[in-house]
Structure formats: structure tokens, C-alpha cells
Amino acid sequence: MELLVWIAVIALAGWFWKSLQYDKQTTYDFDVWIHSYETTSSPFKRSGMAVAFLSQSIHFAWAMGAINSKQREIITRHLKSQRATTSLTMLLGTGLPAVIRVVGQNEVSDTPARAIGMLMLLAWMSPDNDPESAVRQHLFCR
């Protein structure tokens with residue numbers, strides 16, 4: 001019985017450590033993070049990276065004052081209604097082009113992944129269907 005408890009504790013500690021590693025990866029430059037995400041062959045690792053990227057981007061946006069608590073809840077609920085990899089693909093397809101047009105490819109490459117994720121969230125959430133203005137407003141009006 002004691003052995004089963006130790007096995008459960010070790011498994012839980014391993015899972016927690018692995019989760020923290022995915023969160024830490026979001027502090028890497030975006031080009032390093034996206035390369036790691038795209039080249040991973042493990043669907044479990046890809047899913048873990050997507051979950052960490054989305055949650056860290058949402059948290060970073062909230063911490064920076066880009067979104068309020070109500071928006072944070074709505075975004076989290078919406079993104080959790082889909083698979084993390086599907087949500088990330090949607091953000092990369094809709095938000096990333098707008099962010100690149102506003103700040104440029106070089107800046108996107110040299111910025112931490114979760115900061116780019118925050119900007120992609122802002123572009124995706126733009127109320128007037130103008131994602132570039134939402135990104136500009138956050139970057140230049142603060």
C-alpha cells in the first residue's frame with residue numbers, strides 16, 4: 001500500500017514538473033517557441049505546449065491590463081470549449097498576421113511567446129473587426 005502511495009506521489013510530481021516546463025517555454029522568443037511547437041512529433045507534448053501557451057497568454061494579457069477579469073473568464077471558457085491545438089491554430093491563423101503587420105516580423109521573432117500570444121488574443125477579440133487597430137491601440141496608447 002505504501003508503495004502505491006509513493007508511486008502516485010512520484011507520478012504527480014513528474015506531471016507537475018512537466019507542466020511547469022511547458023509554462024517556462026512560453027518565455028522563450030516566439031520564433032524559438034513556434035519552431036519547437038511545429039517540430040515536436042509527440043501529440044501529447046504539442047497539446048501541453050498549446051495549453052501552456054494559451055493559458056500563459058491569457059494570464060499575461062490580464063496581468064498587463066490588456067483584458068479585464070470578465071474578458072479573461074469569457075476567453076478562457078471559449079478556448080477551453082475546443083481542443084488546445086485547435087484554438088492555437090485559430091489564433092495563429094487570425095491573430096498572428098495582424099500582429100506581424102503592426103510590429104513587423106523581426107519584432108515578433110525577438111519577443112517572448114506569451115507576449116505575442118497576448119497580442120494575438122487582442123487581435124482576435126477586436127470588437128470592430130479590425131484586428132490591427134486593437135493591437136496598435138494596446139501598444140501605442142499606453
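The values are calculated or read from the model by the stated rules, or taken from the named source; none is laboratory data. The structure displayed is predicted, hence computed values, not measured ones. Ideal geometry is used to build each Cβ from the backbone, glycine not excepted, and the neighbour counts take in all protein chains shown.
Go through region 67-82 and count every residue that is modelled with pLDDT of 90 or more and assigned to a loop (DSSP other than H, G, I, E, B).
The qualifying residues number 2.
Cβ-Cβ under 7 Å, sequence separation 6+ or interchain: first residue in region 29-54 and in a strand (DSSP E or B), partner surrounded by 15 or more Cβ atoms within 10 Å (Cβ to Cβ) and modelled with pLDDT of 90 or more. Which pairs?
Sorted first by the residue in region 29-54, then by its partner, the pairs are Asp29/Thr111; Asp29/Pro112.
Looking at Ser36, Ser81, Ser126, which is the one that is loosely packed, with under 14 Cβ neighbours inside 10 Å and among the small types (Gly, Ala, Ser)?
Going through Ser36, Ser81, Ser126 in turn, the sole match is Ser81.
For Thr94, only one of the following conditions fails: (1) crowded, with 16+ Cβ neighbours inside 10 Å; (2) among the polar types (S, T, N, Q); (3) under 22 Å from Met49 (Cα atoms). What is its number?
Every listed condition holds for Thr94 apart from (1).
So is Ser109 surrounded by fewer than 20 Cβ atoms within 10 Å (Cβ to Cβ), touching a strand residue (DSSP E or B) at 6+ places or on another chain (Cβ under 8 Å) and among the hydroxyl-bearing types (Ser, Thr, Tyr) or not?
Yes.
Condition test on Thr27, is it within 11 Å of the chain's Cα centre (by Cα), under 25 Å from Cys141 (Cα atoms) and at pLDDT below 90?
Considered against the rule, which asks whether it is within 11 Å of the chain's Cα centre (by Cα), under 25 Å from Cys141 (Cα atoms) and at pLDDT below 90, Thr27 comes out as yes.
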